[in-house]
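Colleague: Structure in C-alpha cells, see below.
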Amino acid sequence: MEINRFKTNDGRDIYSFAVQSFPTLATNIYLIDDGSRLIMVDTGSGLPESNKDLLAGFEAVSSTMGKSISMADVSAVLLTHGHIDHFGGLKFFREHNADAPIAIHQLDVRVISNYEERVIVASRRLDAFAEQAGVSAEKRVDLMSMYTYSKNIYESTPVQMVLEDEQEIFDMTVYHTPGHCPGQVCFKVDDLMLTADHILGRITPHQNPESITLNTGLGTYLNALKKISRVPGIRLGLPGHEKVIEDVYGRIEEIRTFHEGRLQKVLDICKTPKTMLEVSMELFGEVKHYHRLLAIEEAGAHVEYLYLRGELMAANLEEIANRPHPVIQYVCDD
C-alpha cells in the first residue's frame, strides 16, 4: 500500500493512504502525528474492502514511522463531513478503539448519531425532488433503490465532540465549508490544508440542490470556496480523494470558472422550456447506474442557483397552479 508523508512547517507529520470505499471510489485517510497524539481524519465506508484497507494502512504507516501503531493508538477521530465514504467505517473503528472521541460539525451530527432517521427523511425529499424534476414513477423506484444501497452498512454512533467554524482543536483550525455537504469542514494544520471533498484536484465536488438538503446548494458552495481562498499561507491541499493539490488558490479559481461555464450552458439549454431531467440529459447525456442520480442532482443544483437569482423562471405556471405534483419547466428570463 502506498503511504504519503507530509511534514508541516511546524514539524508535524501527516500520513495518508487510500481505502477502497466503493468499487469505483477510493477515500484518503489521514493520520496526524504531533509526537504526543495521533489524530485520525475520516474512516472510509465501512464496507469489507474499505475496512481491510484501513487495517493495511495502519500497518504500512507503522513501517514508515518505524514503530508499531494501530487504531487503538488513535487519540481522536475527526470527520470531515457526513457522507458515508468518510464516516461509514466508524463501527469498524469502534471494534478496535472504544474510547477515542469522535468529532464532526454540528450540521452533520444527526447523520452520524441518528442515521436511520436521516436516511428516511433524505429519501423522501430526494423522491419528491426527482418527481418535480420530471423522473417517472418507475425510474424513481430505481433511483431510490440505488440511493439506499449500502445504507444498511452503518449504525448510529454517538458523537462526543461538535466542531465549529474557526475553532482551534488539537492545534489545528476548523473551517466550516458547507455546500457539498451541510457540515463539510476543512482542517488547517500549520501550512497544510486538509480540504476533504470541498476542494479536489481533478474533479469538481458533487453539488446537490438545497431543496433536498439545507446548507447545500451551489451558492452555498461557492461562498465557502471564497472563504478558503481568503485563508493565507496554504502550501498544499490534502483532499478527501485523489492526489495532493499543489496550488489550492489556483484550483479554487479553476473550480469557480468551471461552474460559471456550466451555469451558462444551463441558460443556453433553457432558451426553450426544459425540466430538470431534460437539462440533465443535455448536460451529461445517457449515464448509467448511480451516476444517473448524481447527474440529476448536479443539474438541479445549477438550475436552482439560476432560478433563485431570477435568471430562470417557471414556464408552466398554469400547470403548477392546478396540479398537486407538477413537473416544473424552466426557461431563461430574457
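Colleague: Quick one: is Asp34 of a type in the set (Asp, Glu), in the same structural domain as Asp197 (by TED's automatic domain parsing), buried (at least 21 other Cβ atoms within 10 Å of the Cβ) and touching a strand residue (DSSP E or B) at 6+ places or on another chain (Cβ under 9 Å)?
Modeller: On the way: of a type in the set (Asp, Glu): yes; in the same structural domain as Asp197 (by TED's automatic domain parsing): yes; buried (at least 21 other Cβ atoms within 10 Å of the Cβ): no; touching a strand residue (DSSP E or B) at 6+ places or on another chain (Cβ under 9 Å): yes.
Considered against the rule, which asks whether it is of a type in the set (Asp, Glu), in the same structural domain as Asp197 (by TED's automatic domain parsing), buried (at least 21 other Cβ atoms within 10 Å of the Cβ) and touching a strand residue (DSSP E or B) at 6+ places or on another chain (Cβ under 9 Å), Asp34 comes out as no.
Colleague: Please go through (1) farther than 21 Å from Ile203 by Cβ; (2) assigned to a helix (DSSP H, G or I) for Asp85 and return the number of the only condition it doesn't satisfy.
Modeller: Tallying (1) farther than 21 Å from Ile203 by Cβ; (2) assigned to a helix (DSSP H, G or I), Asp85 fails exactly one: (1).
Colleague: Follow-up question, since we're still on this one. Can you name every residue in segment 318-334 that is surrounded by fewer than 16 Cβ atoms within 10 Å (Cβ to Cβ) and within 27 Å of Ser123 (Cα to Cα)?
Modeller: Matches in segment 318-334: Glu319, Ile320, Ala321, Asn322, Arg323, Pro324, His325.
Colleague: Hey, another quick one. What number of residues within segment 187-203 are within 16 Å of the chain's Cα centre (by Cα) and either on the phi > 0 side of the Ramachandran plot or among the small types (Gly, Ala, Ser) (or both)?
Modeller: The total comes to 2.
Colleague: Can you spot a residue in segment 178-186 that is modelled with pLDDT of 95 or more, at positive phi and not hydroxyl-bearing (Ser, Thr, Tyr)? Walk me through it before giving the result.
Modeller: Step one: filter segment 178-186 for residues modelled with pLDDT of 95 or more, giving 178-186.
Now narrow it down to the ones that are at positive phi: 179.
Checking the rest, the ones that are also not hydroxyl-bearing (Ser, Thr, Tyr) come to 179.
Within segment 178-186, one or more residues are modelled with pLDDT of 95 or more, at positive phi and not hydroxyl-bearing (Ser, Thr, Tyr).
Colleague: Is at least one residue of segment 48-60 surrounded by fewer than 16 Cβ atoms within 10 Å (Cβ to Cβ), under 22 Å from the mean Cα position of the chain (by Cα) and among the aliphatic types (A, V, I, L, M)?
Modeller: No: zero hits.
Colleague: Next question. Checking Arg118 against (1) assigned by TED's automatic domain parsing to the domain that holds Gln184; (2) in contact with a His (Cβ under 9 Å, 6 or more places away or on another chain), which test does it fail?
Modeller: (2)
Colleague: In segment 61-91, which residues are under 20 Å from Met172 (Cβ atoms), buried (at least 23 other Cβ atoms within 10 Å of the Cβ) and not β-branched (Val, Ile, Thr)?
Modeller: Listed by number, the residues that qualify are Leu78, Leu79, His81, His86, Phe87.
Residues checked against (1) under 15 Å from Met172 (Cβ atoms); (2) outside the structural domain of Leu194 (by TED's automatic domain parsing); (3) hydroxyl-bearing (Ser, Thr, Tyr):
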position	(1), (2), (3)
Arg12	yes, no, no
Gln20	no, no, no
Pro23	no, no, no
Tyr30	yes, no, yes
Met40	yes, no, no
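Colleague: Within segment 52-80, how many residues turn out to be at positive phi and touching a residue at least 24 places away in the same chain (Cβ under 8 Å)? Outline the logic, then answer.
Modeller: Taking segment 52-80 as the starting set, the residues that turn out to be at positive phi are 66.
Now drop any that are not touching a residue at least 24 places away in the same chain (Cβ under 8 Å), which leaves none.
Residues that pass the stated criteria total 0.
Colleague: A follow-up question, please. Going through Glu311, Glu278, Glu319 one at a time, which residue ends up being farther than 30 Å from Lys188 by Cα, free of Cβ contacts under 8 Å to residues at least 24 places away in the same chain and of a type in the set (Asp, Glu)? Please lay out each step first, then the result.
Modeller: On the way: Glu311 fails: free of Cβ contacts under 8 Å to residues at least 24 places away in the same chain; Glu278 fails: free of Cβ contacts under 8 Å to residues at least 24 places away in the same chain.
Result of the check over Glu311, Glu278, Glu319: Glu319.
Colleague: On to the next question. Looking at (1) of a type outside the set (Val, Ile, Thr); (2) at pLDDT 95 or above; (3) under 25 Å from the mean Cα position of the chain (by Cα); (4) within 18 Å of Ala128 (Cα to Cα), can you tell me which one Arg292 breaks?
Modeller: (2)
Colleague: Please verify whether segment 264-275 includes one or more residues that are among the aliphatic types (A, V, I, L, M) and assigned by TED's automatic domain parsing to the domain that holds Leu38. First the steps, then the outcome.
Modeller: If we filter segment 264-275 for residues that are among the aliphatic types (A, V, I, L, M), which is where we start, we get 266-267, 269.
Narrowing the set further to residues that are assigned by TED's automatic domain parsing to the domain that holds Leu38 leaves none.
No.
The values are calculated or read from the model by the stated rules, or taken from the named source; none is laboratory data. Since this is a predicted model, take the numbers as computed values, not measurements. Cβ sites come from the backbone with ideal geometry, for glycine too, and all protein chains shown count toward neighbours.
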